[in-house]
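Enquirer: This is the structure I have questions about; it appears just below.
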Amino acid sequence: MAVDIVDWILVIIGQILIAIGIICDFIAAILMIRFPNFYVRLHALTIGSIGGAVVPLIGAVFIVLGAEYLGIYRFFLAGGAITTAIFVFILGAIGSHAIARAAHKSKSAILTPCYVDHLSEDRGEGECRQG
Amino acid sequence: MDIESLVTSFLVICMPIYITSFLLYLVRLIKGPTLPDRVIATDALGFDLAAFFVILSILFRSPILIACAIVLSLWIFALDIYVAKYLESRELGE
């Protein structure tokens, strides 16, 4: 039947997206441990928020639209999941930029292996300030 | 094999990987040397917890959990902006 095939295609696309998201999430968790300082850990944060949260949420939308055994409330679940995906996609990027700017301006992040810091040179605060 | 058993078994397999990454984020959250490190660990933990709630609501078949995910992602953004404002101007907004 045609409807059955569409359901299977939606569920398999959703499972592939959730698998990609889980791999990104695990890599981001390892990198959050392994990276040396705050400014490099921002990279792990954005892997974990965009790759590890937005992609599985869109995959969950596909799974929910394909799985008919969830009942009529699955459309409520799909709408909430796509709303959460849009929120995380916009607010995660804004939040990481805001916290990076505040940490550099207030000198509260430790920059341990420091090779170059052009922003503090331009502000006349020395080459590699610590603490 | 029907869709229900396929989805359920796939999501059950996904659970331990998610929980392992949550434990790794918790290590950075406890160990983090400065305040911004702890804040970004909380960020990543919260956004992934929102995705985890959606997957749990598919697994438990209870769509009411989706409200927790929306509110959690908004609160994590509020934490970001609040800590950034505190670090920049050394005052709590009024």
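Enquirer: Name the residues in the range B:57-67 that are surrounded by 17 or more Cβ atoms within 10 Å (Cβ to Cβ) and more than 7 Å from chain A (Cβ to nearest Cβ), would you? Before you say what the answer is, go through the steps one by one.
Expert: First, the residues of the range B:57-67 that are surrounded by 17 or more Cβ atoms within 10 Å (Cβ to Cβ): B:57-58, B:63, B:65-66.
B:Leu65 - this is the single residue of the range B:57-67 that is surrounded by 17 or more Cβ atoms within 10 Å (Cβ to Cβ) and more than 7 Å from chain A (Cβ to nearest Cβ).
Enquirer: In addition: Within the range A:29-41, can you find the residues that are in contact (Cβ under 8 Å) with a residue 24 or more places away in the chain, surrounded by fewer than 23 Cβ atoms within 10 Å (Cβ to Cβ) and under 18 Å from A:Ala93 (Cα atoms)? Spell out the reasoning first.
Expert: Step one: of the range A:29-41, the residues in contact (Cβ under 8 Å) with a residue 24 or more places away in the chain are A:36-39.
Filter again for surrounded by fewer than 23 Cβ atoms within 10 Å (Cβ to Cβ), leaving A:36-37, A:39.
Result: A:Tyr39, single match.
Enquirer: Considering each of A:Ile58, A:Ile47, A:Ile99 in turn, give the residue that is in contact with a helix residue (DSSP H, G or I) (Cβ under 6 Å, 6 or more places away or on another chain), more than 9 Å from chain B (Cβ to nearest Cβ) and among the aliphatic types (A, V, I, L, M).
Expert: Values: A:Ile47 fails: more than 9 Å from chain B (Cβ to nearest Cβ); A:Ile99 fails: more than 9 Å from chain B (Cβ to nearest Cβ).
From the options A:Ile58, A:Ile47, A:Ile99, the qualifying one is A:Ile58.
Enquirer: Among the residues of the range A:32-43, write down those that are under 18 Å from A:Ala103 (Cβ atoms) and more than 7 Å from chain B (Cβ to nearest Cβ).
Expert: Just the residues of the range A:32-43 that are under 18 Å from A:Ala103 (Cβ atoms), to begin with: A:32, A:35-43.
Across the range A:32-43, the qualifying residues are A:Phe35, A:Pro36, A:Asn37, A:Tyr39, A:Val40, A:His43.
Enquirer: Can you find a residue that is more than 15 Å from B:Ala50 (Cα to Cα), within 8 Å of another protein chain (Cβ to nearest Cβ) and modelled with pLDDT of 90 or more anywhere in the range A:77-89? Let's see the steps before the verdict.
Expert: Taking the range A:77-89 first, the residues more than 15 Å from B:Ala50 (Cα to Cα) are none.
Scanning the range A:77-89 turns up no residue that is more than 15 Å from B:Ala50 (Cα to Cα), within 8 Å of another protein chain (Cβ to nearest Cβ) and modelled with pLDDT of 90 or more.
Enquirer: Next question, about the same structure. Given the conditions (1) surrounded by fewer than 19 Cβ atoms within 10 Å (Cβ to Cβ); (2) within 22 Å of the chain's Cα centre (by Cα), report the number of the one that A:Ala44 does not fulfil.
Expert: (1)
Enquirer: Going through the range A:97-122 one residue at a time, which ones are part of a loop (DSSP other than H, G, I, E, B) and aliphatic (A, V, I, L, M)?
Expert: Taking the range A:97-122 and keeping what is part of a loop (DSSP other than H, G, I, E, B), we get A:106-117.
Scanning the range A:97-122 gives A:Ala109, A:Ile110, A:Leu111, A:Val116.
Enquirer: Identify, by number, the condition in (1) in contact with a Pro (Cβ under 9 Å, 6 or more places away or on another chain); (2) in a helix (DSSP H, G or I) that A:Asp4 doesn't meet.
Expert: Tallying (1) in contact with a Pro (Cβ under 9 Å, 6 or more places away or on another chain); (2) in a helix (DSSP H, G or I), A:Asp4 fails exactly one: (1).
Enquirer: Further question: Which number in (1) modelled with pLDDT under 85; (2) outside any helix (DSSP H, G or I) marks the one condition that A:Ile72 misses?
Expert: Among (1) modelled with pLDDT under 85; (2) outside any helix (DSSP H, G or I), the lone unmet condition for A:Ile72 is (1).
Enquirer: Also: Out of curiosity, is A:Ile18 on the phi < 0 side of the Ramachandran plot, touching a residue at least 40 places away in the same chain (Cβ under 8 Å) and at the interface with chain B (Cβ under 8 Å from one of its Cβ atoms)?
Expert: yes
Enquirer: Between a first residue in the range A:100-124 that is surrounded by 15 or more Cβ atoms within 10 Å (Cβ to Cβ) and a second residue that is of a type in the set (Gly, Ala, Ser) and part of a helix (DSSP H, G or I), which pairs have beta carbons less than 6 Å apart while being 6 or more apart in sequence or on different chains?
Expert: Qualifying pairs under 6 Å: A:Ala102/B:Ala84; A:Ala109/A:Ala103.
Enquirer: While we're here: Output the residues belonging to the range B:43-94 that are of a type in the set (D, E, K, R) and in contact (Cβ under 8 Å) with a residue 12 or more places away in the chain.
Expert: Step one: list which residues in the range B:43-94 are of a type in the set (D, E, K, R), which gives B:43, B:48, B:61, B:80, B:85, B:88, B:90-91, B:94.
B:Asp43, B:Asp48, B:Asp80 - these are the residues of the range B:43-94 that are of a type in the set (D, E, K, R) and in contact (Cβ under 8 Å) with a residue 12 or more places away in the chain.
Enquirer: Let me ask something else about it. Filter the range A:33-88 for residues that are farther than 30 Å from A:Lys107 by Cα and of a type in the set (S, T, N, Q) and give the result.
Expert: Of everything in the range A:33-88, those that are farther than 30 Å from A:Lys107 by Cα and of a type in the set (S, T, N, Q) turn out to be A:Thr83, A:Thr84.
Enquirer: I've got another one for you. So for the range A:74-86 (the condition being touching a Phe, Trp or Tyr at 6+ places or on another chain (Cβ under 8 Å) and within 21 Å of B:Leu45 (Cα to Cα)), does at least one residue qualify?
Expert: First, pick out the residues of the range A:74-86 that are touching a Phe, Trp or Tyr at 6+ places or on another chain (Cβ under 8 Å): none.
Looking through the range A:74-86, none of the residues is touching a Phe, Trp or Tyr at 6+ places or on another chain (Cβ under 8 Å) and within 21 Å of B:Leu45 (Cα to Cα).
Enquirer: In the range B:17-35, what count of residues is obtained for those that are facing chain A (nearest Cβ under 7 Å) and in a loop (DSSP other than H, G, I, E, B)?
Expert: The qualifying residues number 2.
The values are calculated or read from the model by the stated rules, or taken from the named source; none is laboratory data. These figures come from a predicted structure and were not determined experimentally. Don't worry about glycine lacking a Cβ; one is built from the backbone with ideal geometry, like all the others, and counts go over all protein chains shown.
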